[in-house]
Amino acid sequence: MKFTKYNHLISKAVFTMAVGVVFFSCETVINPTLQNASPVLVVDAWINDKLEKQTVLLTQTQSYFDSSQPTGVSGAAVAIQDLTEGKQYSFVESSTKKGSYEWTPGASSFGKVGNTYKLIVTVNGEQFESTTRMGRVPQIDSITFSKDVRSVDGKERYQGEFWAVDPIGPGDTYWIRATKNDTLLNKPSEQNLAYDGGFSAGSDTDGVEFLPPIRRGITPNYSEKKSDPSPYWPGDSVYVEIHSISLAAFNYLNEVIVQTDRPGGFQELFSRPLANVSTNIKNVNPKGSTVVGFFNVGAVSGRGAKFIKK
């Protein structure tokens, strides 16, 4: 009995010391010296069927504490092949933006739902490739605004909500993007992804209306403080787009959210460790240089609305 009590006291003392060390560490400022890594090619190729200029951006990675804009990579040959129809789209580097390779549509937009596409980037004697398929996308039926049930202290708060139905047939993945008054909701915590009409493959939501949290994901983040403005207010406008993405892109964006939506402070001790996200681009030479980034070709449906209080 005495031995058990003694061990309990020791454990309590050790726990107290550990907590003290943690809090002390949180107040200690350190300036780590990190080794500079060799730059790696970054390929940012998110192509869609909107009737507008399409861009493949080539840059290089940089040191962790380097806050400058990434350096564009010039002199590359960039093309996307339509493997289904035997077409090729050549992307030409912009004369005003280094590393930005562009294709401008004429009477018709890029691609077709169901077709498979191959990205080919040749730079510095190396060739990088990736293949993806353009998925289907549902049309947005309507956008509504309603009083938020979380409103406190009698202060009115309003949220936006889009209405659409996932087409029948499992495995569709989407990226829902919203713009409020010309400002894209692009915070890590505002990223809105869907697998069929739900959140994941196991949610059994094929062919149904998108779940409420996804529909309301077009609402800007805000806290419950009384001083905070309502996410939407009469007179505000919102434009919502649903982008079809591949399953690989769905997984990639979820990884990006995990790595960028960091709580900070003491909670960071219990967060997932920082790690590189995946890529679907590869060097055709297995012994060649490394590449990161992503390639997706998606269809887009969109709809806008203005909040008019009735």
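Quick note: the coordinates plus some simple rules give every number you see, no bench work behind them. Fair warning: this is a prediction, and the values are worked out from it, not measured in the lab. Every residue, glycine among them, receives a Cβ derived from its backbone with ideal geometry; neighbour counts consider all protein chains shown.
Within a straight-line Cα-Cα reach of under 13 Å, residue 112 can be paired with the following aspartates and glutamates, leaving aside sequence neighbours fewer than 8 residues apart in one chain: 49, 82, 85.
Could you compute the net charge surrounding residue 292? Neighbours are other residues with a C-beta less than 13 Å from the C-beta of residue 292; K and R count +1, D and E count -1. Combined, the nearby Lys, Arg, Asp and Glu give -1. Segment residue 67..residue 183, full-extension length gain: 39.5 nm, with 0.36 nm per residue of separation and the alpha-carbon distance subtracted.
Within 14 Å, Cβ to Cβ, of residue 86, how many net charges do the neighbouring residues add up to if Lys/Arg are +1 and Asp/Glu are -1? Don't skip to the end; give the middle numbers.
Working: positive: 87, 112, 118; negative: 82, 85.
Net of charged neighbours comes to +1.
The order of 44, 172, going from fewest to most other C-beta atoms within 10 Å of their C-beta, is 44, 172.
Kindly flag which residue pairs out of 187/282; 87/187; 187/310; 53/98 have an alpha-carbon separation exceeding 26 Å in this structure. Show your work: numbers first, answer last.
Details: 187/282 28 Å; 87/187 36 Å; 187/310 31 Å; 53/98 16 Å.
Those over the limit are 187/282; 87/187; 187/310.
Suppose the chain between residue 118 and residue 83 were pulled fully straight at 0.36 nm per residue; how much longer would it get relative to their current alpha carbon spacing? Intermediate results must be reported in sequence, preceding the final value.
On the way: separation 35, 0.36 × 35 = 12.60 nm, distance 0.69 nm.
Between residue 118 and residue 83, full extension yields 11.9 nm more.
How much net charge surrounds residue 145 when only the other residues with a Cβ under 13 Å from the Cβ of residue 145 are counted, with Lys and Arg +1 and Asp and Glu -1? Before the final figure, lay out each step's value.
Details: positive: 147, 157, 180, 215, 216, 306, 309, 310; negative: 148, 156, 161, 236.
With Lys, Arg at +1 and Asp, Glu at -1, the neighbours total +4.
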